[in-house]
Each structure stands twice: as structure tokens, then as C-alpha cells.
Amino acid sequence: MTLPSSPRKRTLKITQVIERYAARWAIEVAIEDAKQLFGAGQARNRTAAAVERTVPFMLACQALTVCWYAAAGHHPADTEGRRRNAPWYTGKTEPSTADMTAKLRRVLIAARFKRVCADQPEPEEIHTIRLAWEYAEDLAA
């Protein structure tokens with residue numbers, strides 16, 4: 001059995017195929033990052049509305065991360081630090097989405113545990129005072 005040929009059969013040149021593939025590559029990488037880094041591939045949705053909201057939300061989170069990194073999080077030493085920690089990235093010149101996400105997580109965690117007031121003691125100071133109290137109690141006893 002032979003399939004009927006389409007009346008408008010179009011032949012592409014090899015260069016056109018490569019150009020289309022190259023144009024699509026950034027989209028494929030973004031989708032893979034959304035699945036692996038932002039959890040779009042692990043959503044356990046049961047309703048159609050939830051499915052329709054989850055993937056756009058994950059893509060929005062990814063876009064916000066990249067925008068945050070470009071506007072506030074980028075530091076020239078980031079890529080060098082990544083290369084130092086992962087020596088197999090010898091040719092790495094730009095941070096990946098995973099690098100951006102890791103930095104955002106570090107910044108959020110640091111902000112969560114940052115002192116609220118400037119006059120608030122550091123954990124080391126609290127530890128020193130506690131040891132001094134224990135030492136004073138031992139002397140008094």
C-alpha cells in the first residue's frame with residue numbers, strides 16, 4: 001500500500017533544515033530546564049484546569065529567574081566559580097539556567113536568615129555570651 005503524495009510536496013535544502021533545527025534548539029533547552037529545574041515534569045495534576053495552570057506557572061518562574069539573574073544576580077565571577085567547582089566545564093563562558101537557579105536559591109536562603117535589625121547579635125556572639133554565662137555559673141557554684 002502506498003500513501004498518497006501531498007499535492008504541495010515541499011523539499012527543503014539541508015541548510016534550511018539546519019536553520020530550523022537551530023532556531024528550535026533554544027526552545028527545547030527552555031522546556032527541558034522547566035521540566036528538570038522547575039518541576040514542570042513532576043506535576044501531579046488531576047484536573048484540566050490544573051494542567052493548564054501548572055506549565056505556564058513553571059515557565060513564568062523560569063522567566064522570572066532569568067530576568068532576576070540578568071538584572072540583579074549576575075556577577076562576572078559566577079562562571080569562573082562554576083568552572084572551579086566543576087572542572088569538566090573548561091569551555092563554559094555563560095551561566096546556565098541551573099547556575100541561575102542555584103544562585104537565586106542561595107540568595108533567598110541567605111535573605112531568610114539575615115538579621116532583621118543591625119543591633120541584633122550574630123550567632124557567634126550569642127554562643128560566646130552563652131558560654132560566658134555557663135562559665136560564670138560554674139564559678140558561682
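The values are calculated or read from the model by the stated rules, or taken from the named source; none is laboratory data. These numbers were taken from a predicted model, which means no experiment stands behind them. Glycine gets a Cβ as well: all are built from the backbone with ideal geometry, and neighbour counts include every protein chain shown. We work out accessible area using only protein heavy atoms, side chains counted, and drop any ligands, DNA or RNA first. Shrake-Rupley method; radii C 1.70, N 1.55, O 1.52, S 1.80 Å.
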Selection from the range 106-141 of residues part of a loop (DSSP other than H, G, I, E, B) and surrounded by 10 or more Cβ atoms within 10 Å (Cβ to Cβ) yields Arg115, Gln120, Pro121
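Taking the range 75-98 as the region of interest, how many residues are within 13 Å of the chain's Cα centre (by Cα) and not polar (S, T, N, Q)? Don't jump to the end; show me each part of the working.
Filtering the range 75-98 for residues within 13 Å of the chain's Cα centre (by Cα) gives 95-98.
When the remaining residues are screened for being not polar (S, T, N, Q), the result is 95, 98.
Of the residues in the range 75-98, 2 are within 13 Å of the chain's Cα centre (by Cα) and not polar (S, T, N, Q).
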From the list Arg20, Arg82, Arg44, which residue is under 19 Å from Val107 (Cα atoms), at pLDDT below 90 and not hydroxyl-bearing (Ser, Thr, Tyr)?
Arg82
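Out of the helices (runs of 4 or more DSSP H) lying entirely within the range 1-104, which hold 2 or more residues that are touching a residue at least 60 places away in the same chain (Cβ under 8 Å), open to solvent by 70 Å² or more (accessible area, probe 1.4 Å) and in contact with a Pro (Cβ under 9 Å, 6 or more places away or on another chain)? Show your work before the answer.
Working: elements: 14-37, 48-68, 77-85.
Of the helices (runs of 4 or more DSSP H) lying wholly inside the range 1-104, none has at least 2 residues that are touching a residue at least 60 places away in the same chain (Cβ under 8 Å), open to solvent by 70 Å² or more (accessible area, probe 1.4 Å) and in contact with a Pro (Cβ under 9 Å, 6 or more places away or on another chain).
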